[in-house]
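Beneath this line is the structure, given in structure tokens, with notes to follow.
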Amino acid sequence: MVAAADDQNFAQKLGITHGMVVQELGWDEDTNDDLRADVEETSGSELLDEDSDEVIDVVLLWWRDGDGDLVDELMEAIGPLADDGFIWVLTPKTGNDGHVDPSEIAESAPTAGLTQTSAIKLGEWSASRLVQPKAPTKQR
């Protein structure tokens, strides 16, 4: 019982709340189905794929070593992202197939116009939260 009380919902850790529009990119057989189910249950709707034309609140980007150019993928993900939306780059933890060095994310984010704000562990995956910089407020 104690473990269950300490085990926080994946969606809560990701900052996902009811009504958020969540897009999933990079799905493959190795993605965490429990995480996906938690996100769908918490948001109240199914995860959208890359073909969606909705404004997106959160992007879950499953990313593995060898998947291509992370900067290009991040720039694609920014397109439909709401101004206050954010991207979670989910990578296999150290020691697992497809592990991505955290420095790759740290270097790719600013090139794509994003800022990394936090990193968390989600089972066999690590997640890095990326946001668009806030535009400075104009003063008159």
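Out of 70, 130, I need the residue that is of a type outside the set (Ser, Thr, Tyr) and within 20 Å of residue 12 (Cβ to Cβ). Which one? Lay out the reasoning, then the answer.
Values: 70 fails: within 20 Å of residue 12 (Cβ to Cβ).
Exactly one residue qualifies, and that residue is 130.
When the residues of region 85-94 are filtered to those that are touching a Lys or Arg at 6+ places or on another chain (Cβ under 9 Å) and assigned to a strand (DSSP E or B), which remaining residue is surrounded by the fewest Cβ atoms within 10 Å (Cβ to Cβ)?
Narrowing region 85-94 to residues touching a Lys or Arg at 6+ places or on another chain (Cβ under 9 Å): 86-89, 91-93.
With assigned to a strand (DSSP E or B) added as a condition, the list becomes 86-89, 91-92.
On the way: 86: 21, 87: 26, 88: 26, 89: 29, 91: 26, 92: 18.
Across region 85-94, the extreme among qualifying residues is 92.
Being over 16 Å from residue 25 (Cα atoms) and at pLDDT below 95 holds for only one residue in 102, 110, and it is 102. Every residue in region 1-30 that is out of contact with any helix residue (DSSP H, G or I) (no Cβ under 6 Å at 6 or more places or on another chain), open to solvent by less than 50 Å² (accessible area, probe 1.4 Å) and modelled with pLDDT under 95, please. Correct list: empty. Taken over region 43-73, the criterion of being part of a helix (DSSP H, G or I) and over 23 Å from residue 123 (Cα atoms) is satisfied by 71, 72, 73.
Is it the case that residue 74 is touching an Asp or Glu at 6+ places or on another chain (Cβ under 9 Å) and either buried (at least 20 other Cβ atoms within 10 Å of the Cβ) or free of Cβ contacts under 8 Å to residues at least 60 places away in the same chain (or both)?
On the way: touching an Asp or Glu at 6+ places or on another chain (Cβ under 9 Å): no; either buried (at least 20 other Cβ atoms within 10 Å of the Cβ) or free of Cβ contacts under 8 Å to residues at least 60 places away in the same chain (or both): yes.
Taking the combined requirement at face value, the residue does not satisfy it.
Candidates in region 109-124 are the residues that are outside any loop (DSSP other than H, G, I, E, B) and open to solvent by less than 10 Å² (accessible area, probe 1.4 Å); of these, the one that is nearest to residue 57 (Cα to Cα) is 109.
Here residue 40 does not qualify as within 16 Å of residue 128 (Cβ to Cβ) and outside any loop (DSSP other than H, G, I, E, B).
The values are calculated or read from the model by the stated rules, or taken from the named source; none is laboratory data. Worth saying up front: this structure is predicted, and the values here are computed from it rather than measured. As a convention, Cβ positions derive from the backbone with ideal geometry for all residues, glycine included, and neighbour counts pool all protein chains shown. In case anyone asks, the SASA skips ligands and DNA or RNA and just uses the protein heavy atoms, side chains included. Shrake-Rupley method; radii C 1.70, N 1.55, O 1.52, S 1.80 Å.
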